[in-house]
Amino acid sequence: MIVQELGWDNDTDDDLRVAIENAIDGDMVDGDYGNVVDAVVLWWRDEDGDLVDGLVDSLTDLVGGGVIWLFTPKIGRPNAVDAADIAEAAPVAGLSTTTTTTVSADWAATRLVAPKTVA
């Protein structure tokens, strides 16, 4: 499984990153990978700009039917993203929200699914 990581910064959770890399038995690739990926980990903060644009950009290398894990600071943390903003941005970007869960002390994850491509 190839997982692309976007939006990494010094505030991301390194333990969570290591756990993901252990689960996929390899390193995550960055935005310069240039090939199809099975999933995208998108670290997003309220100050990062327009969420729709960020989600659309994360679709660039994602295989049809792939998954985006949107990691946002938990509510109450600096730069938290309101759940309503995610719910509004996802369908505009052509994605469906399936699950939201806490993944670490400071980060929550929302699973977004891209539409399957029809051959």
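What follows draws every value from the coordinates through simple rules; no lab data is involved. Source: prediction; values computed, not measured. All Cβ positions, glycine included, derive from the backbone under ideal geometry; neighbour counts span all protein chains shown.
Numbers at a glance
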quantity: DSSP-defined antiparallel bridges as percent of all bridges, the stretch 3-113, nearest 5; calculated: 55 percent
quantity: Net dipole in debye of the stretch 3-113 [+1 Lys, Arg Cβ; -1 Asp, Glu Cβ; about Cα centre; nearest 20]; calculated: 480 debye
quantity: FRET E, pair residue 27, residue 79, Förster distance 30 Å, beta-carbon r, rounded to 0.05; calculated: 0.70
quantity: Longest to shortest principal axis, alpha-carbon extents of the stretch 1-70, angstrom; calculated: 32, 29, 19
quantity: By average C-beta atoms within 10 angstrom, highest first, the peptides 73-81, 102-110; calculated: 102-110, 73-81
quantity: ³J(HN,Hα) computed for each position of the stretch 40-47 - Karplus, 6.51 cos²θ - 1.76 cosθ + 1.60, integer Hz, glycine/proline x; calculated: 10, 9, 10, 7, 9, 10, 3, 7
quantity: Residues whose placed amide H lies under 5 Å from that of residue 80, excluding near-sequence neighbours; calculated: 46
quantity: Three-way shape label, the chain, alpha-carbon gyration tensor, a/c 1.5; calculated: oblate
quantity: Residue 29 long-range amide H proximity, modeled H, under 5 Å; calculated: 3, 4, 5
